[in-house]
Amino acid sequence: MLNYAWLILLFPLLGLLTNLILGRWLHDELIGWIASTAVFLSFLVAVGLFFALRSLPADGRQYQLLLWHWMRVDLFRADVKLLIDPLSVVMGLVVTGIGFLIHVYAIGYMKGDQRVQRFFVFMNFFILAMLTLVFANNFILLYVGWEGVGLASYLLIGFWFEKPSAAEAGKKAFLVNRVGDFGMALAIMWIFKLSGRVEFLDIAKNVQALAPEATAITLLLLLAVTGKSAQIPLYIWLPDAMEGPTPVSALIHAATMVTAGVYLIARTAAIFLLSPFTMTLVATIGVVTAFFAATMAMAQVDLKRILAYSTISQIGYMILGVGVGAFSAGIFHLVTHAFFKALLFLGAGAVMHAFHGELDIRKMGGLRHKMPQTFWTFAIAAAALAGLPPFAGFFSKDEILWSVWLHSPWMWALGLLTAFMTAYYSTRAVVVPFMGKPRDKHLYEHAHEVSAVMTVPLWLLAIGAAFSGLLGLPHISLIGHWLAPVFASLHMGGEAAGGSLEWIFMGLSTLVVLAGIGTAYYAYMVNTAFPQQFRRSLGFIDNLVQHKWYVDELYMAVIVHPLWDLGGWFADVFDRKVIDGAVNGLAWVTGEIGGGVRKLQTGLVGWYAFSLFLGAVLLLGYFMLIW
Amino acid sequence: MTITLPSISLLPYLPEIVLLITALLVLVIDTFAGEKRWLVWLALLGTIVAGVTTWSLSLGPTLYLQDMLAADPYALFIDMVVLIITAISLLLAYDWLNSHAHQQGEYVALLLFSAVGMMTMGAATNVITIFVALEILSLSLYVLTGFARERLTSGEAALKYFLLGAFASAFFLYGVALLYGATGHFDLVGIGKNMAGTGLMAAAGVALLLVGFSFKVALAPFHMWTPDVYQGAPTSVTAFMSVGAKAAGFAAFLRFFHVALAGSYATWGPALAALAVLTMTWGNLAALNQESVKRMLAYSSIAHAGYALVGLAAGNALGMSGLLFYLLAYAFMNLGAFGVIIMLEKKGSGDLSMSALRGTAREHPLLAATMAVFMFSLAGVPPLAGFFGKFYVFGAAVKANMTWLAIVGIINSAISAYYYLRVSVLMYMVEPDENTTDVATNNRPVLAFALLVALVFVIGIGLWPGIWMQMAQQAAALLG
Amino acid sequence: MLKQFGFLGVHAIIALSVPLLGIVAAWLLRPKKPYPLKKTTYECGMETIGDTWVQFKAQYYLFALIFVLFDVEAVFLFPWAVAYNKLTLFGLVEGILFVLILFAGLIYAWKRNALEWQ
């Protein structure tokens, strides 16, 4: 089976090509099913890989499959080679499994759109790129996948490019990600320069070669992580990315692509562990992002934006987890989060579908009567997000917080505070749209439950959101054991289970979650004036939160505008105005040269020649001085 | 008295000779033929025959014509690149030529003459031969630039190019004279051997030669002509010269510095690195705000000259082969990009504004996707050809302990993503203007075929760069 | 080295003095009887009318170019013809090829009507 691992990449590629070439003549629904089938076949391959790997002894669960030689220069060997180990298989299962459900949902969701063919081609392309990223055995192939998912994300965010905001959002996402990719490219080169290797397993074996400059390298990698996984300081693109179709938000901007950063840290854990400074920074960024994004999620009124900030916040938790060395806890949260966040987005999409694109939760209310299935699945997902036991989020978040406690109490405290806020805003996201009385009669009248092709995926995801937490029960963590061989060679503290104290902590966080839920219920169901009063008491902080801490404005002022102006200066001022000035100054020279030629000259040529001459003088000066 | 003729073997020069004969045939047949369409096909046949000849030539450091030229793998690699460029350029020009019926023969012949000059540049092992080749290539390009006689900008561009080109040639020739004065040699090996202990005269000679080369490949601050000329020239000519002249210029540039000046790398390495930084930064920043796509691509080509120069400035084997690889990759992606412009430009305008790109994806989805691939490749997005070009030259810089140079290059590619991406954004994500939809893209199978070839290579080189890199390595190996 | 420059100097002096001597001698020896017609620009031919900066017909340049072309051909062919007896077959073929290439040029110019005054 392991030798057929390449099939997992082949199926999305086939789906993509089929729809690309034949899509013009196919019915929209058929296109959707072709794409979904392709992903489902990949899922079957992933399952097969899982069992094939499981049949091997625990310390031998590692298989590399060479497809073809790609780039070879001296020692530098980047091949198209897959790495199948527990970590990549877990990721592969998530990507293909949840990806499949979202594809099926999208068949219903995209019905009637003008560009269904393009949508599914892009979606399959995304799956292909994501699987490349996950199964790559070296940095270079990973980078290909990394850029590929970035491209897919850009194309899908701007899918409805008729809306200027969507086009802008796509561009923003791409550019912000380029900043991160820049770090990635440098890090890869640096790693290669020091170790002479680009394959993960080789690097891990000779990781000491990187030790002298590990901090710089990991900081560059961290830059890439913050870009892709939307962490401080590069998180700004993700909320805008909600301009894309909702299945895209669910698949790319919640369940899979944005967690690639977490995967990257886990995959290169050996390098990260060389630098305690970076690890601390990773954990700090994680917890601070989790906290800030949660504050912003509390203030949003757009359902998808609430979820977007919540995603940033939850990825913050994962980053926090891997930052304190609890790699399997981070991956565990990644898995559970993929289920419940995808479900939340799909639920939001169903609401949006029913409401003709309306997402302002202040206009909703009482929807549970109209859309009972959406309501129940959404509620399950929200409970998982809030971390209410026994839903999935509870176990994974708790495992992270427990590891954090052993590492740094203040981070744990901030994490716990964030857990409170998470419970608060998830409750709000359920209570305001679904319960109470309808706020906008007209919209409410038109709302209806969505079709089966959309509700079935919702329920399947709901099962995952409810029960996937059981994979990681404390002390008998299946996922922990499964992933253990990947991280076995690393020396880590923090993941050891800690007896009765851990149970006390679980109780504590349950209380915090209940408090959050209770507060939100009070604020939005019992005393609806409370949110207004509370916000007024916050003063300017409320203003800050409402404006997302003014980070976008800051970036525009500090980075974007200066660069733009500089480019404008070169193109306009230097190449035109300075030239004109110089030409006027040089007019007498051209005058001397002669009237006849002058008629033919536009004047600019004189300057061009002058520039050429100037360059020649500089070069002459340099060479004659240094010779 | 008996006259002993020098033993002349023209066999290694056969590819060039084939092209020359084809060009002459085209000229003569053109004057008789009523149907001129197939002149392009005749030229293409000649190009293919020349290509086959190139392949069948034996590899080895063969010097011929009194050691004026070499038929080494390096020269053959450049031959191959130039022939590919020529073939695609002929196809790109096909439709435009059919609307300029009287002048087809001249256009095709000049293109072939210019290609002969380019190939000779790659083979030249003597500064005089380099100069002659440079002139053959340039003179043809001056005329081609002014070929769209109905447009004033075309004539203006030709005149500017000619005046400045002559100016730069003078610098180059002066440099040749000074080098001869200092070393007593014209041939590169001889110059190299006698370089030790030379004084200011040699230094001045090298500087002036560098001016000549820099002009030809458009390095800042010798690039001023590029935007005007690229914009004014017929687009098919722009496509040809943007890649062909650059490839040929760099070919001679590289050979000169690595053969004649191998010993004084410490002197010229930093100078080239500084030029590279200046060039790519200037090109990229100026490209950010352009309204004409051709002008944007002109500045972009300046930036790419800067990237390629990084390979030369690195001064190691990887840098050399990386540069050769870069020239090949750049040829395909830039020809493709200009090909799309030819597809989209309005008849007779000879230019394409950014705003005319708006929403073209709706009516021409395949064309827009093709353009996107070329733009991504130019921006250096893996796994396309352009990425590997940058990858190799920047890698060479790192290997040569010039990591800072690689970093500057990467920052520059990040900046360049903005304007390349803008093209795709406009094509895909903006509503079309009502008055820019009269684009006749249908019914041009020749042009579409040329685009397809470029596309296949841009993707193919990206997926299997190893094969091409191996060729580039073999080519560069003999230079040491 | 200096000696060689000395030769150059002597050469330059002689080269300059030959025309100068001629002019000076003519100036000394000639009779001086000026009258208006003698002072005009041309003693023979037409007087110029109007501005001398006029556009020339491009045809002149074409003629000039073709003239130069065949002029150079003659210059190259002359030594070839002189040494004809001593050349091998290779030399003959080379010469024929050279003429053929130029012939192609001639045909081209002819068919393009470059040889006719329009």
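The values are calculated or read from the model by the stated rules, or taken from the named source; none is laboratory data. Quantities reported herein were computed from a predicted structural model and do not represent experimental measurements. Cβ sites come from the backbone with ideal geometry, for glycine too, and all protein chains shown count toward neighbours.
Every residue, every condition in (1) more than 27 Å from B:L188 (Cα to Cα); (2) surrounded by fewer than 24 Cβ atoms within 10 Å (Cβ to Cβ); (3) over 16 Å from the mean Cα position of the chain (by Cα), yes or no:
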{"position": "B:F257", "(1), (2), (3)": "no, no, yes"}
{"position": "B:A262", "(1), (2), (3)": "no, yes, yes"}
{"position": "B:A266", "(1), (2), (3)": "no, yes, yes"}
{"position": "B:A276", "(1), (2), (3)": "no, no, yes"}
{"position": "B:Q290", "(1), (2), (3)": "yes, yes, yes"}
{"position": "B:A303", "(1), (2), (3)": "yes, no, no"}
{"position": "B:L312", "(1), (2), (3)": "no, no, no"}
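Tell me which residues, restricted to the stretch A:1-26, are touching a residue at least 24 places away in the same chain (Cβ under 8 Å) and of a type in the set (F, W, Y). Steps first, please.
Step one: of the stretch A:1-26, the residues touching a residue at least 24 places away in the same chain (Cβ under 8 Å) are A:1-9, A:11-16, A:19-20, A:23-24, A:26.
Passing the criteria: A:Y4, A:W6, A:F11.
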Kindly provide the set of residues from the stretch A:372-390 that are touching a residue at least 60 places away in the same chain (Cβ under 8 Å) and surrounded by fewer than 24 Cβ atoms within 10 Å (Cβ to Cβ), ordered by number.
A:P372, A:Q373, A:W376, A:L388, A:P389, A:P390
Mind listing whichever residues of the stretch B:121-153 are among the hydroxyl-bearing types (S, T, Y), more than 17 Å from the chain's Cα centre (by Cα) and within 14 Å of chain A (Cβ to nearest Cβ)?
B:T153
When B:K347 is run through (1) surrounded by 20 or more Cβ atoms within 10 Å (Cβ to Cβ); (2) not polar (S, T, N, Q); (3) not in a helix (DSSP H, G or I), the failure sits at (1)
Test: B:L352 is under 20 Å from B:V430 (Cα atoms) and surrounded by fewer than 20 Cβ atoms within 10 Å (Cβ to Cβ):
no
I'm told B:E35 meets every condition in (1) part of a helix (DSSP H, G or I); (2) closer than 30 Å to C:N113 by Cβ except one. Can you identify the failing condition by its number?
(1)
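Quick one: how many residues across the stretch B:6-53 are among the hydroxyl-bearing types (S, T, Y) and free of Cβ contacts under 8 Å to residues at least 40 places away in the same chain?
2
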Has the stretch A:156-177 got any residue that is out of contact with any His (no Cβ under 7 Å at 6 or more places or on another chain), free of Cβ contacts under 8 Å to residues at least 12 places away in the same chain, outside the structural domain of A:V351 (by TED's automatic domain parsing) and surrounded by 20 or more Cβ atoms within 10 Å (Cβ to Cβ)?
yes
If a residue has to be closer than 30 Å to A:I107 by Cβ and over 15 Å from the mean Cα position of the chain (by Cα) to count, how many in the stretch A:247-294 make the cut?
0
For the structure I just gave you, tell me whether C:P34 is at negative phi, modelled with pLDDT of 85 or more and exposed (fewer than 10 other Cβ atoms within 10 Å of the Cβ).
no
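Can you give me the number of residues within the stretch B:21-39 that are under 24 Å from the mean Cα position of the chain (by Cα), within 13 Å of chain C (Cβ to nearest Cβ) and under 20 Å from B:D95 (Cα atoms)? It would help to see each step written out before you state the result.
The first filter runs over the stretch B:21-39 and keeps only residues under 24 Å from the mean Cα position of the chain (by Cα), leaving B:21-24, B:26, B:39.
Imposing the further condition that a residue be within 13 Å of chain C (Cβ to nearest Cβ) reduces the set to B:21-24, B:26.
Next, from what is left, pick out any that are under 20 Å from B:D95 (Cα atoms): B:23, B:26.
Qualifying residue count for the region: 2.
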List the residue pairs whose Cβ atoms are under 6 Å apart, where the first residue sits in the stretch A:183-197 and is more than 8 Å from every other protein chain (Cβ to nearest Cβ) and assigned to a helix (DSSP H, G or I), the second is crowded, with 22+ Cβ neighbours inside 10 Å and among the aromatic types (F, W, Y), and the two are 6 or more positions apart or on different chains.
A:I188/A:F139
For the stretch A:111-124: of the residues being more than 12 Å from chain B (Cβ to nearest Cβ), of a type outside the set (K, R) and surrounded by fewer than 24 Cβ atoms within 10 Å (Cβ to Cβ), which is nearest to A:G32 (Cα to Cα)?
A:V116
What residue, among those in the stretch C:85-118 that are touching a residue at least 24 places away in the same chain (Cβ under 8 Å) and farther than 16 Å from C:L69 by Cα, is nearest to the other protein chains (Cβ to nearest Cβ)?
C:Q118
Of the residues that sit in the stretch B:84-112 and are buried (at least 23 other Cβ atoms within 10 Å of the Cβ) and within 14 Å of the chain's Cα centre (by Cα), which one is nearest to B:L39 (Cα to Cα)?
B:L111
